[in-house]
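The values are calculated or read from the model by the stated rules, or taken from the named source; none is laboratory data. Here the structure is a predicted model, which means the values were calculated and not measured. Glycine gets a Cβ as well: all are built from the backbone with ideal geometry, and neighbour counts include every protein chain shown. To get the accessible areas, we keep the full protein, side chains included, count just its heavy atoms, and leave off ligands, DNA and RNA. Shrake-Rupley method; radii C 1.70, N 1.55, O 1.52, S 1.80 Å.
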Amino acid sequence: MLPTIVKNLQKYPLSAPRPDASTHRFTAAVLVALLEENGEPEVILTQRALHLTNHAGEVAFPGGMWDLEDRDLLHTALREAHEEIGLEPASVNVIATLPSASPKRRSLAVTPFVGLLSSRPVFVADPSEIGAIFSVPLRRFMDPTNYDYIDISHEGTTLQFPCLHYQQYPIWGFTLRVITDILNETLDAGLDLIYPSHQEIQLLRSE
């Protein structure tokens with residue numbers, strides 16, 4: 001499975017864009033780190049710390065906001081992954097730059113980079129940001145029966161988002177969409193999940 005994913009990600013060649021001065025405060029990057037164990041590819045995810053003010057307890061890729069000292073957004077993704085989960089940049093073979101997108105309730109452009117790990121490193125969570133580090137077999141996302149829908153409410157508006165529960169972790173929103181988009185694009189997974197419209201999501205934006 002992983003060789004096919006890697007081959008078909010060639011349609012998204014690696015690049016390292018750099019935001020301009022007028023947009024850098026609204027720009028972020030994340031690392032979609034993949035590894036293979038016993039022939040099964042897995043994706044590395046985090047759970048944001050429960051004490052955080054924003055998005056506490058949500059599942060996310062390692063990554064974060066662009067810093068003016070970052071060379072480019074690839075540097076941002078690798079730096080944040082090192083800070084959050086102790087992943088050494090030199091241990092990541094970054095192979096693709098995916099199209100940027102905007103998560104729910106954030107006026108933010110997030111660029112995902114796909115990277116390969118040759119083995120499972122010893123992760124070290126930054127307790128100020130990360131509550132847990134875990135991996136999910138990609139095969140788990142391939143089965144449409146594993147999905148359900150959760151209600152997300154804000155200021156009287158409630159929308160339903162597709163969700164995949166793995167152990168105690170609900171995976172949804174931007175994180176789930178990036179994973180399923182990769183699987184649809186590289187494996188023809190046929191995951192036709194129903195998301196609220198852009199206009200509906202705007203009603204949930206608070207930032």
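With respect to the conditions (1) open to solvent by 20 Å² or more (accessible area, probe 1.4 Å); (2) closer than 13 Å to Ile130 by Cα; (3) of a type in the set (Val, Ile, Thr), Ile95 lacks only one, and its number is (2).
Can you pull out the residues in region 134-145 that are open to solvent by less than 50 Å² (accessible area, probe 1.4 Å) and either over 24 Å from Arg120 (Cβ atoms) or not small (Gly, Ala, Ser) (or both)?
At the first step, the residues of region 134-145 found to be open to solvent by less than 50 Å² (accessible area, probe 1.4 Å) are 134-138, 141.
Hits for region 134-145 are Phe134, Val136, Pro137, Leu138, Phe141.
Checking Thr76, Thr97, Thr46, Thr27 one by one, the residue that is free of Cβ contacts under 8 Å to residues at least 60 places away in the same chain and of a type in the set (Val, Ile, Thr) is Thr76 and no other. For Glu88, the stated conditions do not hold, so it cannot be described as open to solvent by 10 Å² or more (accessible area, probe 1.4 Å), of a type in the set (Asp, Glu), in contact with a Lys or Arg (Cβ under 9 Å, 6 or more places away or on another chain) and over 17 Å from Ala16 (Cα atoms).
Which members of region 151-207 meet the condition of being of a type in the set (A, V, I, L, M), open to solvent by 30 Å² or more (accessible area, probe 1.4 Å) and either part of a loop (DSSP other than H, G, I, E, B) or touching a Gly at 6+ places or on another chain (Cβ under 8 Å) (or both)? Matches in region 151-207: Leu193, Ile194, Leu203. Among the residues of region 128-171, those that are in contact (Cβ under 8 Å) with a residue 60 or more places away in the chain and touching a Cys at 6+ places or on another chain (Cβ under 9 Å) comprise Pro170, Ile171.
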